[in-house]
Amino acid sequence: MRDAVDEITDQWRRERPDLTDTLWPMGLVGRVQRLNRVLERELKDFFAGYDLELWEMDVLLTLRRAGAPYALTPGALLKAAMVSSGAMTNRIDRLETKGLVTRQADAADRRSVKVRLTDQAVSMVDGLMDKHLANEARLFSTLDPAERDQLAGLMRKVLAERGDTSIH
């Protein structure tokens, strides 16, 4: 079985045969990048069926998995999402307009604000979780359980080595 990255590395082997033994990183990085694009497109299409943007669901899922009362500071959301503070402010504004989050003063620190899921959002997220997980399982259905575990372990190893060990 061949993919687009095989074609790219074949072109490099043809054009620069002296690089043949050192092209392996291109195969890995190229496949990770292409897979990311495919997965993002698939997830975006899935959530669009529920009138949600992928980024909206990312924020909603982050708040839901934080546990009751389903609230985090914008800074905590920012770290989990890896976007600029301006982008996060815009995301919170848009979710607030849709009635999915509220901003509340933090009882422990009145200078701070917490972004909290509304009851409507908690119900929506909980209602979508089974469908979301089934969709993600579909995306990796070509792998058997041992292959999925192996892939997850290898990606974990690379991410940990690059310092991606915490969302906080």
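At a glance:
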item	result
Hits in region 142-156 (condition: open to solvent by 90 Å² or more (accessible area, probe 1.4 Å) and farther than 17 Å from Arg31 by Cα)	Asp149
Cross-chain or 6+ apart pairs with Cβ under 7 Å, region 118-130 first and under 17 Å from Ala48 (Cβ atoms), then open to solvent by 60 Å² or more (accessible area, probe 1.4 Å)	Val125/Arg64; Leu128/Tyr50
Residue within region 15-22 that is among the hydrophobic types (A, V, I, L, M, F, W, C) and within 22 Å of Leu151 (Cβ to Cβ) present	no
Odd one out for Arg116 among (1) assigned to a helix (DSSP H, G or I); (2) surrounded by 12 or more Cβ atoms within 10 Å (Cβ to Cβ)	(1)
Set Leu139, Leu133: member being free of Cβ contacts under 8 Å to residues at least 40 places away in the same chain and either open to solvent by 60 Å² or more (accessible area, probe 1.4 Å) or more than 18 Å from Gly67 (Cβ to Cβ) (or both)	Leu133
Pairs where the first residue, in region 19-30, is farther than 17 Å from Ala4 by Cα and the second is surrounded by 11 or more Cβ atoms within 10 Å (Cβ to Cβ) and of a type in the set (Phe, Trp, Tyr), C-beta under 8 Å, 6+ apart	Leu19/Trp12
Filtered residues of region 157-168 (kept if under 26 Å from Leu72 (Cα atoms) and either among the hydroxyl-bearing types (Ser, Thr, Tyr) or open to solvent by less than 100 Å² (accessible area, probe 1.4 Å) (or both))	Leu159, Ala160, Gly163, Asp164, Thr165, Ser166, Ile167
Residue within region 145-154 that is more than 18 Å from Arg65 (Cα to Cα), of a type in the set (S, T, N, Q) and in a helix (DSSP H, G or I) present	yes
Selected residue (criterion: nearest to Leu128 (Cα to Cα)) from residues of region 43-96 that are touching a residue at least 60 places away in the same chain (Cβ under 8 Å) and open to solvent by 50 Å² or more (accessible area, probe 1.4 Å)	Tyr50
Boolean, Arg34 is basic (Lys, Arg), over 20 Å from Leu159 (Cβ atoms) and either part of a helix (DSSP H, G or I) or modelled with pLDDT under 95 (or both)	no
Meets criteria (surrounded by 11 or more Cβ atoms within 10 Å (Cβ to Cβ), of a type outside the set (A, V, I, L, M) and within 18 Å of Leu77 (Cβ to Cβ)) for Gln104	yes
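The values are calculated or read from the model by the stated rules, or taken from the named source; none is laboratory data. This structure is a prediction, so every number in the text was calculated from the model and none was measured. Glycine gets a Cβ as well: all are built from the backbone with ideal geometry, and neighbour counts include every protein chain shown. Each accessible area value is taken on the protein alone, full model and side chains, heavy atoms only, with ligands, DNA and RNA left out. Shrake-Rupley method; radii C 1.70, N 1.55, O 1.52, S 1.80 Å.
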